[in-house]
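What follows is a short report on a single structure.
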Amino acid sequence: MAPRCSNTVFAVFNVVTLLLGAAVLAAGIYASAPHRGGATDCDRFLRTPAIVLGVAIMVASLAGLVGACCRASALLWIYLFLTGLLILAALCFAGFAFAVTNASAGQAVSGRGFREYRLGDYSSWLRRTVEDGHNWGRIRSCLMEAKVCRSLQSNRTLDEFVNANLSPVQSGCCKPPTACNFTYQNETYWTKPPGYVSGADPDCDAWSNEQSELCYGCQSCKAGVLGNLKNSWKKIAFVNAAFVVLLVVVYGFGCCALRNNRRHKYSLVGK
(Lines give C-alpha, C1' and ligand atoms only; values in the text may rest on other atoms or scores of the structure.)
Protein backbone atom coordinates (compact mmCIF):
# COMPACT_ATOMS: atom_id res chain seq x y z
CA MET A 1 0.00 0.00 0.00
CA ALA A 2 2.84 2.38 0.84
CA PRO A 3 4.46 2.14 -2.60
CA ARG A 4 1.15 2.88 -4.36
CA CYS A 5 0.52 5.83 -2.05
CA SER A 6 4.02 7.20 -2.65
CA ASN A 7 3.65 6.99 -6.42
CA THR A 8 0.24 8.60 -6.19
CA VAL A 9 1.56 11.55 -4.19
CA PHE A 10 4.43 11.89 -6.66
CA ALA A 11 1.99 11.88 -9.58
CA VAL A 12 -0.14 14.58 -7.92
CA PHE A 13 2.92 16.79 -7.43
CA ASN A 14 3.79 16.36 -11.09
CA VAL A 15 0.29 17.34 -12.17
CA VAL A 16 0.74 20.56 -10.20
CA THR A 17 4.16 21.30 -11.75
CA LEU A 18 2.82 20.37 -15.20
CA LEU A 19 0.09 22.98 -14.86
CA LEU A 20 2.66 25.48 -13.60
CA GLY A 21 4.88 24.82 -16.60
CA ALA A 22 1.91 25.15 -18.97
CA ALA A 23 1.03 28.52 -17.43
CA VAL A 24 4.60 29.80 -17.82
CA LEU A 25 4.74 28.56 -21.43
CA ALA A 26 1.38 30.12 -22.27
CA ALA A 27 2.51 33.44 -20.82
CA GLY A 28 5.67 33.37 -22.94
CA ILE A 29 3.73 32.59 -26.12
CA TYR A 30 1.03 35.14 -25.41
CA ALA A 31 3.61 37.87 -24.80
CA SER A 32 4.53 37.84 -28.49
CA ALA A 33 1.28 36.69 -30.07
CA PRO A 34 0.55 38.35 -33.45
CA HIS A 35 -3.03 39.19 -32.48
CA ARG A 36 -1.68 41.69 -29.95
CA GLY A 37 -0.52 43.93 -32.78
CA GLY A 38 3.14 42.96 -32.64
CA ALA A 39 5.44 42.17 -29.74
CA THR A 40 7.18 45.02 -27.95
CA ASP A 41 10.85 44.96 -26.96
CA CYS A 42 9.79 44.28 -23.37
CA ASP A 43 7.71 41.32 -24.50
CA ARG A 44 10.52 39.86 -26.60
CA PHE A 45 12.96 40.30 -23.71
CA LEU A 46 10.80 38.10 -21.47
CA ARG A 47 9.51 35.66 -24.09
CA THR A 48 12.47 33.31 -24.57
CA PRO A 49 13.23 32.64 -20.86
CA ALA A 50 9.53 32.01 -20.19
CA ILE A 51 9.18 29.56 -23.08
CA VAL A 52 12.39 27.67 -22.21
CA LEU A 53 11.46 27.41 -18.52
CA GLY A 54 7.86 26.39 -19.30
CA VAL A 55 8.93 23.66 -21.74
CA ALA A 56 11.58 22.32 -19.34
CA ILE A 57 9.09 22.08 -16.45
CA MET A 58 6.44 20.44 -18.65
CA VAL A 59 8.82 17.84 -20.13
CA ALA A 60 10.17 16.91 -16.70
CA SER A 61 6.66 16.73 -15.20
CA LEU A 62 5.32 14.57 -18.03
CA ALA A 63 8.25 12.20 -17.71
CA GLY A 64 7.69 11.91 -13.96
CA LEU A 65 3.92 11.54 -14.30
CA VAL A 66 4.06 8.81 -16.94
CA GLY A 67 6.98 7.11 -15.21
CA ALA A 68 5.08 6.92 -11.91
CA CYS A 69 1.72 5.87 -13.35
CA CYS A 70 3.10 3.33 -15.85
CA ARG A 71 6.03 2.25 -13.68
CA ALA A 72 8.45 3.22 -16.45
CA SER A 73 11.81 3.47 -14.70
CA ALA A 74 13.54 4.89 -17.80
CA LEU A 75 11.21 7.90 -17.74
CA LEU A 76 11.82 8.38 -14.03
CA TRP A 77 15.56 8.48 -14.68
CA ILE A 78 14.93 11.16 -17.32
CA TYR A 79 12.74 13.01 -14.83
CA LEU A 80 15.41 12.91 -12.11
CA PHE A 81 18.05 14.14 -14.56
CA LEU A 82 15.94 17.05 -15.83
CA THR A 83 14.77 18.03 -12.35
CA GLY A 84 18.33 17.90 -11.09
CA LEU A 85 19.30 20.31 -13.87
CA LEU A 86 16.45 22.65 -12.91
CA ILE A 87 17.53 22.60 -9.25
CA LEU A 88 21.13 23.28 -10.26
CA ALA A 89 20.05 26.13 -12.57
CA ALA A 90 17.92 27.70 -9.83
CA LEU A 91 20.80 27.52 -7.34
CA CYS A 92 23.23 28.98 -9.87
CA PHE A 93 20.81 31.81 -10.59
CA ALA A 94 20.53 32.54 -6.87
CA GLY A 95 24.31 32.66 -6.48
CA PHE A 96 24.76 34.74 -9.62
CA ALA A 97 22.05 37.23 -8.63
CA PHE A 98 23.60 37.66 -5.18
CA ALA A 99 27.10 38.13 -6.61
CA VAL A 100 26.22 40.76 -9.22
CA THR A 101 23.70 42.74 -7.14
CA ASN A 102 25.59 42.75 -3.83
CA ALA A 103 26.34 46.46 -4.15
CA SER A 104 25.36 49.88 -2.93
CA ALA A 105 21.64 50.66 -2.61
CA GLY A 106 22.10 54.24 -3.82
CA GLN A 107 23.50 57.44 -2.36
CA ALA A 108 21.45 59.52 0.06
CA VAL A 109 21.10 63.16 -1.02
CA SER A 110 20.88 65.88 1.61
CA GLY A 111 17.42 67.39 1.82
CA ARG A 112 15.93 64.85 -0.57
CA GLY A 113 13.47 62.01 0.06
CA PHE A 114 14.97 59.93 -2.76
CA ARG A 115 18.36 58.39 -3.43
CA GLU A 116 20.58 58.86 -6.46
CA TYR A 117 22.50 56.07 -8.15
CA ARG A 118 25.96 55.80 -9.65
CA LEU A 119 26.93 53.24 -12.27
CA GLY A 120 30.32 52.69 -10.67
CA ASP A 121 28.68 51.18 -7.58
CA TYR A 122 27.67 48.05 -9.48
CA SER A 123 29.58 45.01 -10.69
CA SER A 124 31.60 45.27 -13.89
CA TRP A 125 29.39 42.62 -15.54
CA LEU A 126 26.22 44.62 -14.92
CA ARG A 127 27.90 47.83 -16.08
CA ARG A 128 29.03 46.21 -19.33
CA THR A 129 25.54 44.82 -19.87
CA VAL A 130 23.73 48.17 -19.64
CA GLU A 131 26.47 50.09 -21.44
CA ASP A 132 26.19 47.83 -24.48
CA GLY A 133 24.39 49.89 -27.13
CA HIS A 134 22.07 47.09 -28.26
CA ASN A 135 21.07 46.12 -24.74
CA TRP A 136 20.49 49.70 -23.65
CA GLY A 137 18.38 50.39 -26.71
CA ARG A 138 16.02 47.60 -25.71
CA ILE A 139 15.97 48.67 -22.05
CA ARG A 140 15.30 52.28 -23.02
CA SER A 141 12.44 51.17 -25.24
CA CYS A 142 10.97 49.25 -22.31
CA LEU A 143 11.21 52.29 -20.04
CA MET A 144 9.41 54.46 -22.56
CA GLU A 145 6.71 51.84 -23.14
CA ALA A 146 6.18 51.59 -19.38
CA LYS A 147 5.86 55.41 -19.15
CA VAL A 148 7.90 55.47 -15.95
CA CYS A 149 8.52 59.22 -16.22
CA ARG A 150 5.08 60.24 -17.37
CA SER A 151 3.67 58.74 -14.17
CA LEU A 152 5.61 61.41 -12.22
CA GLN A 153 3.79 64.32 -13.83
CA SER A 154 1.34 65.53 -11.20
CA ASN A 155 2.27 69.24 -10.98
CA ARG A 156 3.82 69.01 -7.53
CA THR A 157 5.69 71.88 -5.94
CA LEU A 158 9.47 71.64 -5.58
CA ASP A 159 9.17 70.85 -1.86
CA GLU A 160 6.69 68.07 -2.59
CA PHE A 161 8.89 66.67 -5.32
CA VAL A 162 12.19 66.63 -3.41
CA ASN A 163 10.50 64.79 -0.54
CA ALA A 164 8.90 62.21 -2.83
CA ASN A 165 9.96 58.57 -2.65
CA LEU A 166 11.13 58.00 -6.22
CA SER A 167 12.04 54.58 -7.57
CA PRO A 168 15.66 54.12 -8.72
CA VAL A 169 14.58 54.36 -12.36
CA GLN A 170 12.56 57.53 -11.76
CA SER A 171 15.44 59.09 -9.82
CA GLY A 172 18.00 58.26 -12.51
CA CYS A 173 16.02 58.66 -15.73
CA CYS A 174 13.30 61.26 -15.16
CA LYS A 175 15.26 64.16 -13.65
CA PRO A 176 18.78 65.57 -13.84
CA PRO A 177 21.20 64.73 -11.01
CA THR A 178 20.89 67.05 -8.01
CA ALA A 179 24.53 68.12 -8.48
CA CYS A 180 23.57 69.81 -11.78
CA ASN A 181 21.69 72.43 -9.75
CA PHE A 182 19.07 72.91 -12.47
CA THR A 183 15.95 74.98 -11.80
CA TYR A 184 12.76 73.01 -11.19
CA GLN A 185 9.78 73.83 -13.43
CA ASN A 186 7.91 70.55 -13.06
CA GLU A 187 8.77 66.91 -12.44
CA THR A 188 10.27 66.35 -15.90
CA TYR A 189 11.15 69.90 -16.97
CA TRP A 190 14.25 71.61 -15.57
CA THR A 191 16.11 74.67 -16.83
CA LYS A 192 19.85 75.23 -16.73
CA PRO A 193 21.02 78.12 -14.51
CA PRO A 194 22.55 81.28 -16.01
CA GLY A 195 26.23 80.85 -16.79
CA TYR A 196 25.97 77.06 -16.93
CA VAL A 197 29.23 75.52 -18.16
CA SER A 198 29.01 72.15 -19.86
CA GLY A 199 31.48 69.37 -19.19
CA ALA A 200 31.38 69.29 -15.38
CA ASP A 201 29.09 66.26 -15.36
CA PRO A 202 28.24 64.32 -18.54
CA ASP A 203 24.77 63.58 -17.17
CA CYS A 204 24.06 67.31 -16.84
CA ASP A 205 24.97 67.77 -20.50
CA ALA A 206 22.89 64.73 -21.50
CA TRP A 207 19.71 66.04 -19.84
CA SER A 208 16.97 67.15 -22.24
CA ASN A 209 13.51 68.56 -21.61
CA GLU A 210 12.25 66.61 -24.62
CA GLN A 211 9.93 64.05 -23.05
CA SER A 212 11.28 61.33 -25.32
CA GLU A 213 14.84 62.06 -24.17
CA LEU A 214 14.94 63.34 -20.55
CA CYS A 215 17.88 61.53 -18.91
CA TYR A 216 17.47 58.23 -20.78
CA GLY A 217 20.99 58.68 -22.12
CA CYS A 218 22.50 59.40 -18.69
CA GLN A 219 24.78 57.16 -16.68
CA SER A 220 22.45 57.80 -13.73
CA CYS A 221 19.58 56.26 -15.70
CA LYS A 222 21.56 53.08 -16.32
CA ALA A 223 22.46 52.99 -12.63
CA GLY A 224 18.79 53.48 -11.74
CA VAL A 225 17.84 50.53 -13.93
CA LEU A 226 20.38 48.40 -12.06
CA GLY A 227 18.97 49.69 -8.77
CA ASN A 228 15.51 48.56 -9.82
CA LEU A 229 16.97 45.26 -11.00
CA LYS A 230 18.52 44.67 -7.60
CA ASN A 231 15.20 45.31 -5.87
CA SER A 232 13.37 43.03 -8.31
CA TRP A 233 15.88 40.21 -7.93
CA LYS A 234 15.48 40.35 -4.16
CA LYS A 235 11.78 39.58 -4.65
CA ILE A 236 12.54 36.92 -7.26
CA ALA A 237 14.93 35.32 -4.77
CA PHE A 238 12.00 34.41 -2.50
CA VAL A 239 10.09 32.88 -5.42
CA ASN A 240 13.24 31.08 -6.53
CA ALA A 241 13.76 29.67 -3.02
CA ALA A 242 10.19 28.36 -2.92
CA PHE A 243 10.69 26.87 -6.41
CA VAL A 244 13.87 25.08 -5.27
CA VAL A 245 12.13 23.69 -2.17
CA LEU A 246 9.26 22.37 -4.34
CA LEU A 247 11.69 20.78 -6.79
CA VAL A 248 13.71 19.15 -4.02
CA VAL A 249 10.56 17.71 -2.43
CA VAL A 250 9.29 16.37 -5.76
CA TYR A 251 12.78 15.07 -6.56
CA GLY A 252 12.69 13.10 -3.32
CA PHE A 253 9.32 11.62 -4.25
CA GLY A 254 10.80 10.78 -7.65
CA CYS A 255 13.59 8.79 -6.02
CA CYS A 256 10.99 7.01 -3.90
CA ALA A 257 8.86 6.25 -6.98
CA LEU A 258 11.89 4.82 -8.78
CA ARG A 259 12.63 2.58 -5.79
CA ASN A 260 8.99 1.47 -5.73
CA ASN A 261 9.19 0.55 -9.42
CA ARG A 262 12.20 -1.62 -8.74
CA ARG A 263 10.45 -3.36 -5.85
CA HIS A 264 7.43 -3.96 -8.04
CA LYS A 265 9.64 -5.41 -10.78
CA TYR A 266 11.44 -7.74 -8.36
CA SER A 267 8.13 -8.86 -6.85
CA LEU A 268 6.88 -9.86 -10.29
CA VAL A 269 10.11 -11.75 -11.00
CA GLY A 270 9.77 -13.54 -7.67
CA LYS A 271 6.30 -14.73 -8.60
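The values are calculated or read from the model by the stated rules, or taken from the named source; none is laboratory data. These numbers were taken from a predicted model, which means no experiment stands behind them. Positions of Cβ are generated from backbone atoms using ideal geometry, with glycine treated the same way; all protein chains shown enter the neighbour counts. Heavy atoms of the whole protein, side chains included, go into the accessibility calculation; ligands, DNA and RNA do not. Shrake-Rupley method; radii C 1.70, N 1.55, O 1.52, S 1.80 Å.
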Check: Where Lys and Arg each count +1 and Asp and Glu each count -1, what net charge lies around GLY172 among other residues with Cβ under 10 Å from its Cβ?
Finding: +2
Margin query: Between GLY224, GLY195, GLY113, where does the largest GNM mean-square fluctuation fall for the chain, given springs only between Cα atoms within less than 10 Å?
Written below: GLY195
Next item on the list: Could you work out how far the C-alpha centroid of region 82-100 sits from that of region 193-254, in angstrom?
Entry: 21
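Any idea of the accessible area per residue across region 133-268, 1.4 Å probe, to the nearest Å²?
53
Which whole DSSP H helices in the chain pass both tests: a Cα extent of 24 Å or more along the axis and a mean Kyte-Doolittle value no lower than 0.0? Each step should come with its number before you reach the end.
Details: long enough: 2-30 (42 Å, 1.46); 41-69 (42 Å, 1.36); 73-101 (42 Å, 2.17); 219-270 (73 Å, 0.40).
Both cut-offs are met by 2-30, 41-69, 73-101, 219-270.
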Check: Mind checking the dipole of the chain: about its Cα centre, +1 per Lys or Arg Cβ, -1 per Asp or Glu Cβ, Debye to the nearest 20?
Finding: 1660
Check: Do the sum for the chain: with -39,500 (n - 2.57) for every DSSP H run of n ≥ 4, divided by all residues, what is the mean residue ellipticity at 222 nm, to the nearest 500 deg cm²/dmol?
Finding: -22500 deg cm²/dmol
Check: Which value in nm describes the separation of the simple spin-label points at GLN185 and ASP121, placed 7 Å from the Cα toward the beta carbon?
Finding: 2.9
Check: How far is the Cα center of region 8-23 from the Cα center of region 110-149, in Å?
Finding: 38
Next item on the list: Heavy atoms only, probe 1.4 angstrom, no DNA, RNA or ligands counted: give me PHE238, PHE13, PHE81 ranked by accessible area, highest first.
Entry: PHE238, PHE81, PHE13
Checklist line | FRET efficiency for ALA23 and SER232, using Cβ-Cβ distance with R0 set to 30 Å, rounded to 0.05 | finding: 0.90
Note to self: Please report the equivalent ellipsoid semi-axes of the chain, computed as sqrt(5 x eigenvalue) of the Cα gyration tensor, largest first, in whole Å.
What the structure shows: 52, 18, 15
Next item on the list: Return the single residue from TYR30, TYR251, TYR117 with maximal mean-square fluctuation; model: Gaussian network over the chain, springs between Cα atoms under 10 Å.
Entry: TYR30
Check: Say each of ALA72 and ASN155 gets a label point 7 Å from the Cα, pointing the same way as Cα to Cβ; how far apart are those two points in nm?
Finding: 6.7
Item checked: Estimated translational D of region 154-271 in µm²/s (Stokes, Kirkwood radius over Cα pairs; 37 °C; 0.692 mPa s) -> 176
